[in-house]
Amino acid sequence: MPYYDSNTHNKIFSLSEVCASIKRTINNRYGSDFWVEGEMLRLNHYPYNGNAFPDLIEKKDGTVVAQMRAVIWASDFRRIASKFKLYHSIELKDGINILFRASIIYDTFYGLSLRIIDIDPAFTLGQMEKERQECIDRLRKENIFGLNKQKILPLLPKRLAIISVESSKGYNDFVNIINSYSNRYAVFYYLFPSLLQGDGAVSSIIKVLEKIRLVYDFFDAVVIIRGGGGDLGLSAYNNYELCKAVLYCPLPVLTGIGHSTNETVCEMIAFHNGITPTDLADFIMQRFVKTDEQLHKTIDMLKLKCANRIENEKEKLSMLDKYIDLLNPTNTLNKGYSVTLKDGKTIRQANQLKKGDRIVTRFSQGEITSIVE
Amino acid sequence: MNETKEKSYTECFNELKSLVDSAAEGQVEIDELFDKVKRAKELILVCKDKLSRTEVDIELLTRKMEEMQAEN
């Protein structure tokens with residue numbers, strides 16, 4: 001209870017009394033919860049007890065115009081996080097805009113904060129979709145959207161610059177497939193390690209692309225491989241600066257980012273989007289397999305055509321051979337016919353001869369000379 | 001015969017063809033006809049020989065291509 005100072009007659013409260021008063025007032029004034037829109041500057045999640053203490057801000061034209069602490073108790077956090085997971089594409093993390101249901105609470109130790117009871121993932125997704133669309137619009141407006149698609153991918157991409165993480169499942173899936181063909185097709189690849197998701201991914205991938213630019217002569221294509229990390233943290237691939245770096249890459253860029261949500265801008269603008277690392281590896285190796293098959297078919301076709309041609313010529317020759325046998329006078333003579341000659345010329349009509357002419361009659365075997373009577 | 005060997009298949013075949021055509025004409029003297037038939041028979045042998053050599057060459061070549069493919 002407050003008391004009166006005997007000298008000054010001031011009413012004096014204890015700190016806990018002040019706190020209790022504030023608490024009472026706030027509870028009376030803000031009895032129900034309400035929806036609030038804001039940016040989560042930092043999530044501040046403590047896994048050991050499951051509670052989170054987000055810092056919320058509102059920005060206007062780039063400057064912070066309001067800031068407030070919030071709390072998400074462990075039980076609420078679990079429910080909200082699993083709800084977000086259902087949306088697949090988004091996670092609760094620093095720097096996203098959220099629409100949340102909250103009540104104002106006042107704690108005698110921690111002071112005023114917003115207790116977040118629920119978050120609407122559709123809102124955050126919408127915000128991300130908006131950013132994605134803005135990125136697409138900007139690239140289209142700058143007329144660079146199709147830049148990488150104009151590059152030329154060699155029929156057999158034999159030298160790959162891979163942007164990935166050695167320990168990731170996606171990278172291993174990818175190189176396992178490439179390696180499984182190594183006895184038939186030698187594909188050289190070199191790993192350029194990079195962060196692939198989350199906030200650091202944008203600058204990390206851009207840096208690696210710059211590195212590849214210096215040695216691009218040694219490669220046929222750039223391959224961005226991710227996977228095994230779920231669908232979370234993909235917003236980096238909708239980032240304008242990253243997309244621009246991909247577009248201006250001197251080599252065709254192939255993506256195998258692996259997720260089940262909307263295609264990211266990066267995948268849209270890439271020379272080819274293989275969807276998953278496995279699909280992308282198949283896409284590359286199928287080019288080798290198909291070329292090989294075509295070569296086989298061509299050889300078979302060549303053999304067949306050559307054989308046909310030779311058969312054809314043989315038939316023509318045997319027909320000519322038969323015809324020559326028909327013309328061959330030896331065959332006619334063999335049948336018992338004979339030929340009559342005068343002065344070495346064949347006599348075809350009896351009136352060509354007159355009495356006393358000397359003629360030669362040729363048989364199949366031998367000849368005789370006679371005088372015409 | 002040596003001279004003939006150097007000729008291509010097509011040259012030999014064309015010669016054969018015109019030989020047969022001219023032999024088919026009725027006015028050919030019998031001695032000439034004997035010669036033409038003899039020459040034609042020769043040419044047929046040459047052509048057949050060339051064809052079987054080509055067959056072997058193609059067989060060797062395609063086998064080599066297939067081996068090269070298998071090595072890759």
Subject >> Convex hull of Cα atoms in chain B, direction-averaged projection (nm²) >> reply: 5.8
Subject >> Long-range HN-HN contacts of A:VAL71 with modeled amide H, under 5 Å >> reply: A:LEU114, A:ARG115, A:ILE116
Subject >> Residue-span extension gain [A:LYS354 to A:MET301] - 0.36 nm each, minus C-alpha spacing >> reply: 12.3 nm
Original post:
Counting other Cβ atoms within 10 Å of each Cβ, which chymotrypsin sites (Phe, Trp or Tyr not before Pro) in segment A:94-186 have at most 11 and sit in a DSSP loop?
Top reply: A:PHE109, A:TYR110
**OP:** Please work out whether chain A counts as rounded, prolate or oblate from its C-alpha gyration tensor, where a ≥ b ≥ c are the square roots of the eigenvalues and a/c under 1.5 means rounded, while otherwise a/b larger than b/c means prolate and anything else oblate?
**Re:** prolate
Original post:
For the pair A:ALA186 and B:GLU42, how long in nm is the line joining their label points, each one 7 Å along Cα→Cβ?
Top reply: 5.5
**OP:** Report, in whole Å, the centroid distance computed from the Cα atoms of segment A:308-373 and segment A:153-228.
**Re:** 83
Subject >> Value of [θ]222 nm, deg cm²/dmol, for chain B, DSSP H segments ≥ 4, -39500 (n - 2.57) each, nearest 500 >> reply: -30500 deg cm²/dmol
Subject >> Distance in nm between pseudo-label sites at B:ASN14 and A:ALA74 (7 Å out along the Cβ direction from Cα) >> reply: 9.9
Original post:
What residues of segment A:24-43 lie in the reach of a label at A:GLU131, counting those whose backbone N is under 20 Å from a point 7 Å from the Cα along Cα→Cβ?
Top reply: A:36-43
Subject >> Neighbour-limited loop hits for trypsin sites (Lys or Arg not before Pro), segment A:153-188 (at most 10 other Cβ within 10 Å; DSSP other than H, G, I, E, B) >> reply: none
Original post:
Which angle from 0 to 90°, rounded to the nearest 10, does the C-alpha axis of helix A:169-180 make with the longest principal axis of chain A?
Top reply: 10
Original post:
What average number of partner chain Cβ atoms lie no more than 10 Å from the Cβ of the residues making up A:318-327?
Top reply: 5
Original post:
Taking a threshold of 24 Å on the Cα-Cα distance, which of the pairs A:LYS355/B:LYS38; A:LYS314/B:LYS7; A:LYS85/A:LYS141; A:LYS297/B:LYS50; B:LYS17/B:LYS38 fall above it?
Top reply: A:LYS355/B:LYS38; A:LYS85/A:LYS141; A:LYS297/B:LYS50
**OP:** Compute the FRET efficiency between B:GLU32 and A:ASN308 as 1/(1 + (r/R0)^6), taking r as their Cβ-Cβ distance and R0 = 45 Å, and round to the nearest 0.05.
**Re:** 0.75
Subject >> Nearest-ten-degree value, helix A:74-86 long axis tilted from longest Cα axis of chain A >> reply: 20
Original post:
For all pairs of alpha-carbon atoms in segment A:3-126, what percent lies in each bin of width 10 Å, listed from the first bin to the last filled one?
Top reply: 12, 37, 28, 13, 7, 3, 1
Original post:
Going 7 Å from the Cα of A:SER167 toward and past its Cβ, which residues in segment A:247-276 have a backbone nitrogen under 15 Å from where you end up?
Top reply: none
**OP:** Before rounding to the nearest 500, sum -39500 (n - 2.57) across all DSSP H runs of length at least 4 in chain A and divide by the residue total; then give [θ] at 222 nm in deg cm²/dmol.
**Re:** -13000 deg cm²/dmol
Original post:
How long is the gain from A:ARG29 to A:TYR4 if the chain were fully straight, where each residue apart is worth 0.36 nm and the alpha carbon distance is subtracted?
Top reply: 6.1 nm
Original post:
Over all residues in A:334-341, what is the mean tally of Cβ atoms on other chains that come within 10 Å of each residue's Cβ?
Top reply: 1
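We did not get these values from a lab; they are worked out from the coordinates using the rules stated. Fair warning: this is a prediction, and the values are worked out from it, not measured in the lab. Glycine gets a Cβ as well: all are built from the backbone with ideal geometry, and neighbour counts include every protein chain shown.
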